[in-house]
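See structure below.
The values are calculated or read from the model by the stated rules, or taken from the named source; none is laboratory data. Since the structure is predicted, the reported quantities are computational estimates derived from the model, not experimental observations. Cβ sites come from the backbone with ideal geometry, for glycine too, and all protein chains shown count toward neighbours.
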Amino acid sequence: MNMKSFHIITFGCQMNEHDSERMTGILEEQGCTASSAVEHADMIILNTCSIREKAEQKFYSELGRLKKLKDERPDLKIAVAGCIAQQEGEKILSRAPYVDMVFGPSDLSRLPEMVEKKRSWSLPMINIAGDPEYHRKHIPTTRIDRLKAWVSIMYGCDNYCTYCVVPYLRGRERSRPPADIVGEVRELARQGFKEVTLLGQNVNSYGKGLEGDANFPALLSMINDVPDIERIRFVTSHPRDLSDGLITALRDLPKVCEFLHLPVQSGSDAILRAMNRRYTREEYLGKIRRLREAVPHITITTDIIVGFPGEQERDFEMTMDLLEEVQYDGIFAFKYSKRPGTAALKHDGHLPEAIKEKRLAQVLELQGEITSRNNGKLVNSVQEVLVDGMSKKGGTLSGRTRGNKAVNIDAPAKLIGSLVMVRITAAGMNSLTGQICE
Ligand code: 5AD
Ligand code: SF4
């Protein structure tokens with residue numbers, strides 16, 4: 001059997017995008033080539049997401065489409081990776097017996113072995129045990145971008161928010177040793193990358209379980225010292241673990257961008273408690289205040305869940321009120337979605353879809369106004385922009401401010417990869433427009 005070319009379809013978060021970059025790196029090292037078209041690949045990998053029901057539905061409908069392809073080309077191999085693979089294991093086979101391989105997020109380093117075995121093996125292969133040494137491994141990686149790179153610093157999550165399936169699928173928190181991470185960033189700088197985004201479910205608790213006193217602000221400081229890397233970002237921070245040390249790092253380390261994604265989920269203390277978030281509204285607001293005192297122009301974004309079980313109208317009003325109070329630069333808002341195995345499934349007071357829909361529309365409308373207003377305040381300001389490519393509209397270049405806002409600029413293509421100072425001339429809800437300062 002031939003397994004020379006592959007195509008990966010990725011669902012979900014940046015962590016999954018980055019895992020796909022790793023699978024690509026691993027397979028290329030084995031002599032396989034990435035095929036841009038599904039039709040031409042010998043193997044198709046679906047890197048799946050299970051965070052909400054909708055993501056799961058999207059995967060199953062894609063899998064249905066691939067069945068037709070497999071009927072036409074029985075030699076085609078189909079692999080299911082990522083969170084649904086971890087969650088369902090061999091149950092995927094009862095729904096889709098034409099799947100050849102199932103492997104979880106911490107088993108992707110075993111891809112070479114699996115591919116090799118598969119060449120002579122006709123039975124489906126299931127690998128979801130998780131490699132306990134995964135966080136200590138060097139994994140070859142082929143990155144999508146040439147300027148901006150994701151770098152995993154830790155895996156898993158120990159928080160057990162009651163709605164969230166992640167701790168069950170990505171396992172306990174494990175941090176990569178600082179020397180491995182810094183080594184990877186140095187190599188990225190050598191290859192010409194300008195920006196790194198450090199990835200973890202809960203980056204502020206980085207270092208737990210490592211020898212010595214590894215912690216997140218210290219890691220940021222080490223990466224800040226890597227020459228030729230211009231910008232450092234990170235996701236995601238849990239508000240409870242946001243330390244004064246991190247606020248100081250955001251203030252003092254020149255390469256750490258003034259940007260923080262700090263998921264609040266709800267503005268109601270009763271709901272925060274039911275979610276097991278382990279902070280109160282007041283504690284969260286206190287951290288936002290301290291952040292803004294230390295870093296006055298910081299961009300802050302958040303995640304919101306509406307319609308959590310038991311969410312009364314007055315709880316929801318507290319969330320709306322919190323959005324007004326914080327004046328975020330942007331939010332990701334979601335309707336609560338029942339996830340298998342999570343504690344919230346058994347909570348009382350699950351809400352009808354219509355209420356969730358209505359509340360979601362309300363938060364999005366309110367936030368739309370706030371985002372537009374905040375972006376409008378940037379008109380006439382001068383922003384440092386990393387020019388990263390052509391804008392989607394065509395004709396102009398695109399880039400990001402340090403606060404991670406998209407900017408379209410009229411400038412020659414040779415500036416791609418440079419940091420330029422840009423005067424903002426117009427602002428919409430999703431992007432800014434600007435001119436290079438002479
Ligand atoms: N339902 C809705 N949203 C969820 N999230 C996580 N689990 C669920 C769920 N069961 C959201 C949270 C989290 C983001 C990544 O996804 O807001 O911060
Ligand atoms: Fe899920 Fe909470 Fe962990 Fe984030 S912190 S991954 S929401 S359990």
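Listing for the model above:
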read-out	value
Test: residue in the stretch 268-276 that is among the β-branched types (V, I, T), part of a helix (DSSP H, G or I), within 15 Å of ligand 2 (Cβ to nearest atom) and at pLDDT 95 or above	yes
Selection from the stretch 277-304 of residues that are among the hydrophobic types (A, V, I, L, M, F, W, C) and away from ligand 2 (no atom under 16 Å from the Cβ)	L285, I288, L291, A294, V295, I298, I300
Residue within the stretch 77-95 that is over 18 Å from D42 (Cβ atoms), out of contact with any strand residue (DSSP E or B) (no Cβ under 7 Å at 6 or more places or on another chain) and of a type in the set (K, R) present	yes
Where a residue in the stretch 300-326 is in a helix (DSSP H, G or I) and its partner, wherever it lies, is small (G, A, S) and more than 16 Å from ligand 2 (Cβ to nearest atom), with Cβ under 7 Å and at least six apart	D315/S268; D315/A270; M318/G267; M318/S268; T319/G267; T319/S268; D321/G267; L322/G267
Hits in the stretch 163-211 (condition: part of a helix (DSSP H, G or I), of a type in the set (V, I, T) and either on the phi > 0 side of the Ramachandran plot or more than 16 Å from ligand 1 (Cβ to nearest atom) (or both))	I181, V182, V185
Test: residue in the stretch 299-314 that is within 16 Å of ligand 1 (Cβ to nearest atom), surrounded by fewer than 14 Cβ atoms within 10 Å (Cβ to Cβ) and more than 30 Å from E438 (Cβ to Cβ)	no
Residue in the stretch 341-362 that is farthest from ligand 1 (Cβ to nearest atom), counting only those that are buried (at least 19 other Cβ atoms within 10 Å of the Cβ) and closer than 15 Å to M320 by Cβ	R359
First in the stretch 410-436 and at positive phi, second anywhere and part of a loop (DSSP other than H, G, I, E, B) and surrounded by 15 or more Cβ atoms within 10 Å (Cβ to Cβ), Cβ under 8 Å, 6 or more apart	G417/L147; G417/K194
Residue, surrounded by the most Cβ atoms within 10 Å (Cβ to Cβ), within the stretch 1-60, restricted to residues that are in contact with a His (Cβ under 8 Å, 6 or more places away or on another chain) and among the hydrophobic types (A, V, I, L, M, F, W, C)	I45
Breaking point among (1) in contact with a helix residue (DSSP H, G or I) (Cβ under 8 Å, 6 or more places away or on another chain); (2) surrounded by 22 or more Cβ atoms within 10 Å (Cβ to Cβ), for C257	(1)
Leading residue by the ranking (surrounded by the most Cβ atoms within 10 Å (Cβ to Cβ)) among those in the stretch 145-164 that are within 16 Å of ligand 2 (Cβ to nearest atom) and over 30 Å from D348 (Cα atoms)	M154
Residue within the stretch 91-109 that is surrounded by 15 or more Cβ atoms within 10 Å (Cβ to Cβ) and over 22 Å from Y168 (Cβ atoms) present	yes
Lone qualifier among Y155, Y160, Y134 - being out of contact with any Pro (no Cβ under 7 Å at 6 or more places or on another chain), hydroxyl-bearing (S, T, Y) and within 16 Å of ligand 1 (Cβ to nearest atom)	Y155
Residue list for the stretch 364-392, restricted to those being loosely packed, with under 13 Cβ neighbours inside 10 Å, touching a residue at least 12 places away in the same chain (Cβ under 8 Å) and either touching a Ser or Thr at 6+ places or on another chain (Cβ under 9 Å) or among the polar types (S, T, N, Q) (or both)	N380
Residue among R176, R190 that is within 27 Å of T301 (Cα to Cα) and of a type outside the set (A, V, I, L, M, F, W, C)	R176
Pair list, Cβ under 7 Å, 6 or more apart: the stretch 249-272 residue within 18 Å of G286 (Cα to Cα), other residue within 15 Å of ligand 2 (Cβ to nearest atom) and acidic (D, E)	P263/D303; Q265/D303
Inter-residue pairs, beta-carbon under 6 Å, first free of Cβ contacts under 8 Å to residues at least 40 places away in the same chain and in the stretch 59-84, second among the aromatic types (F, W, Y) and surrounded by fewer than 22 Cβ atoms within 10 Å (Cβ to Cβ), 6+ apart	K67/Y98; K70/Y98
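Residue-wise test of (1) crowded, with 20+ Cβ neighbours inside 10 Å; (2) at pLDDT 95 or above; (3) more than 11 Å from ligand 2 (Cβ to nearest atom).
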| site | (1), (2), (3) |
| --- | --- |
| R143 | no, yes, yes |
| P177 | no, yes, yes |
| G200 | yes, yes, no |
| Y206 | yes, yes, yes |
| V226 | no, yes, yes |
